[in-house]
Amino acid sequence: MRETEKVRGALFEARPYVEYYDRLENLVKRLWAESMDEENFLQLLNEEVKKAEEPFKTDLRIFLQKFEAL
């Protein structure tokens, strides 16, 4: 699975479970564009999880779980 497909797939899988989908989608796409590879993307995403406040933090964790499962 190509990486951009993996991001899209994880967003699709997470959509029914997240409260702030548009915010999540924008952040994920921005981080993906900034990252050099999947490892760097996950590092950037985990930094955002640390900075985020609930309930968006839970949205990020849901996306991360779906992304890692693909």
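The values are calculated or read from the model by the stated rules, or taken from the named source; none is laboratory data. Since we're looking at a predicted model, the values are computed, not measured. Surface areas here come from the heavy atoms of the whole protein model, side chains and all, with no ligands, DNA or RNA. Shrake-Rupley method; radii C 1.70, N 1.55, O 1.52, S 1.80 Å.
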## Note on the structure
Computed over the chain, the relative contact order (Cα-Cα under 8 Å, seq sep at least six) in percent reads 50
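In square angstrom, what is the accessible area per residue of the chain with a 1.4 angstrom probe?
67
In whole percent, and with a 1.4 Å probe on the protein chains, what portion of the accessible area of the chain is carbon and sulfur?
Answer for the chain is 47 percent, counting heavy atoms of protein chains only.
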### Summary
With only helices counted (DSSP H, runs n ≥ 4, each -39500 (n - 2.57)), the per-residue ellipticity at 222 nm for the chain, to the nearest 500, works out to -24500 deg cm²/dmol
### Query
In whole Hz, what ³J(HN,Hα) sequence does the stretch 65-70 give by Karplus (6.51, -1.76, 1.60; θ = phi - 60°), x for Gly and Pro?
4, 5, 5, 5, 6, 7
### Message
Please list, short to long, the whole-number percent of alpha-carbon pairs of the chain in consecutive 5 angstrom bins beginning at zero.
### Response
3, 19, 32, 30, 13, 2, 0
### Query
Stretched out fully, how many nm does the piece from SER35 to GLN65 gain, at 0.36 nm a residue minus the Cα gap?
8.9 nm
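Kindly sort ASP37, ASP59, ASP22 by accessible area of their heavy atoms, largest first, with the probe set to 1.4 Å.
Sorted by accessible area, descending: ASP22, ASP37, ASP59.
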